[in-house]
Each structure stands twice: as structure tokens, then as C-alpha cells.
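Just so it is clear, none of the values below were taken in a lab; they were calculated from the coordinates. What you see is a predicted model; the values in this text were computed from it and never measured. With ideal geometry, Cβ positions are generated from the backbone for all residues, glycine too; neighbour counts draw on all protein chains shown.
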Amino acid sequence: MKKTFCPLTVIASLAATAANAKTEGHYLGINLLRTDAKVKSDSDAVADRTLPEWYLHQKSETDYGVGLSYGYAFNFNSFFITPQVSYDVLKSEVKVGYLGTADDPFSQSVKIKNRLTAQANFGYDLTDKFSAYVPVGISSFRYQIQTSDILTTNTYSKSNGNEVSNFFGLGFSYQPVKHLAINLEYNKFQNLKITSERATFNSGRIKADVELEIVKLGLAYNF
């Protein structure tokens with residue numbers, strides 16, 4: 001009887017472990033983020049277009065941030081859907097400018113401060129410990145755009161606002177031990193456009209097209 005009971009106990013234990021390893025239930029996570037932002041900016045004033053070296057700029061910057069996330073995974077025979085919300089502090093800043101002469105500078109700063117995100121992860125449990133998923137969602141970004149234009153007189157503008165952008169990406173999750181998962185996720189954002197108030201000497205507004213990519217490394221507790 002004991003010889004029969006022991007193997008059955010082991011099998012039952014393994015089956016229970018495999019079931020617990022599925023992507024399902026509550027997930028509360030803390031994340032580290034790398035943000036790659038490329039800003040293409042120009043003035044919308046016709047008079048400013050005669051000076052493209054002043055107002056037409058493109059620059060990229062890489063910055064780092066932190067965030068928190070919560071999601072609940074529904075599992076259907078190894079396929080899963082995870083609605084998720086998150087809040088991230090990004091502190092991404094891209095600075096551009098044209099000095100010309102010491103008396104005639106133009107400078108611009110575009111800051112992406114933070115984001116509030118709603119997304120859904122569509123994935124599959126490849127093994128008891130490893131899964132892959134496609135995240136799709138939308139983020140509301142808090143931003144600040146600041147410009148300074150000096151041409152005999154000083155024109156200065158700083159404005160804050162919120163802008164929404166959708167994204168898609170790819171993610172992987174690894175569960176080394178029960179209740180803990182390590183996640184690596186990539187997000188690429190679409191159509192993130194920021195516009196300043198009247199900012200240039202010719203009363204032009206700066207239009208900044210932001211190409212944004214975020215890589216997120218996270219640790220999540222499953223309960």
C-alpha cells in the first residue's frame with residue numbers, strides 16, 4: 001500500500017505544481033523601465049520656416065524610470081488574457097536648440113514625466129515556467145514642453161498637459177519559484193504628438209512628434 005501511495009503522492013504533487021505555474025490569478029508587480037525617446041520638432045509659423053536650422057530639430061535620448069502594475073490573468077487551457085493597469089514615473093527629457101550667436105539662442109525641452117496605462121496581455125504558457133504574450137493598450141502621458149527664443153526680445157513658454165497614445169509590443173514571463181514571476185516587456189507607441197503654446201519670436205507653436213519605445217523589466221507576485 002505504501003509503495004503505491006508514494007508514487008501517487010509525487011504525481012499529485014507535480015500536477016499541483018504544474019497547475020500553480022499557469023498564468024492565472026492576481027499579479028502585483030514592481031518594474032524598472034528604459035525609455036528611448038526621439039523628438040522631431042518644428043514651428044507651425046510660416047515665418048519660422050525660413051530658418052529651419054533654428055526650429056527644425058531631431059534628437060534622441062535614453063532615460064530610466066520605475067513603476068507599479070496590477071493585473072488579473074484568466075487562463076483557458078494554457079492561453080491567457082490579462083487585463084492590467086500600471087503607473088510609471090519616466091522622467092524622460094529631450095533637449096534641442098540652436099545657438100547661432102551668443103545673443104540669439106533658441107532652446108526647447110520636451111519632458112515625458114509619467115504615464116497611466118491600461119492594457120491587455122494575450123499570451124500562451126509555453127511550459128510550466130515560461131510564457132510569451134503580446135501586450136496591447138493605451139497610455140496617458142503627463143508632459144511638459146518648454147521653449148525659449150531670443151531675437152532682440154525674449155519669448156518664453158512653458159506648458160504642461162496630457163496626451164494619449166496607443167501601443168503594442170512583445171513580452172516574456174519566467175516563473176523561477178512559486179508565486180514569483182520575472183517579466184520582460186517591450187512597448188512601441190504610435191502617434192504621440194505634443195504642441196506648445198505660442199512659443200517663438202514669430203508667435204509660432206512648436207509641434208513635437210515623439211517616437212517612444214519602452215522596455216520594462218519587472219518582478220510580480222502572484223496570489
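Values computed for the structure shown
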item: In degrees, nearest ten, helix 2-20 long axis to first principal axis of the chain (Cα); result: 20
item: Rounded Å value of the spacing that divides the Cα centres of region 178-199 and region 76-148; result: 2
item: Zero-based 5 Å bins, Cα pair distances in region 2-222, whole percents; result: 1, 7, 13, 16, 12, 10, 9, 7, 6, 5, 4, 3, 2, 1, 1, 1, 1, 0, 0
item: Those lysines that a straight Cα-Cα span of less than 19 Å connects to K22, excepting residues fewer than 8 apart in one chain; result: K129, K178
item: Whichever lysines have a C-alpha closer than 26 Å to that of K95, once near sequence neighbours (fewer than 8 apart) are set aside; result: K38, K40, K59, K111, K113, K158, K188, K193, K207, K216
item: Lys/Arg +1, Asp/Glu -1 at C-beta; region 108-189 dipole; positive extreme among S131, Q175, N114; result: N114
item: Integer Hz, Karplus 6.51/-1.76/1.60 couplings in order for region 67-82, x for Gly and Pro; result: x, 10, 9, 9, x, 10, 9, 9, 10, 10, 6, 5, 7, 9, 10, 10
item: Square roots of five times the Cα gyration tensor eigenvalues for region 83-186, Å; result: 43, 14, 10
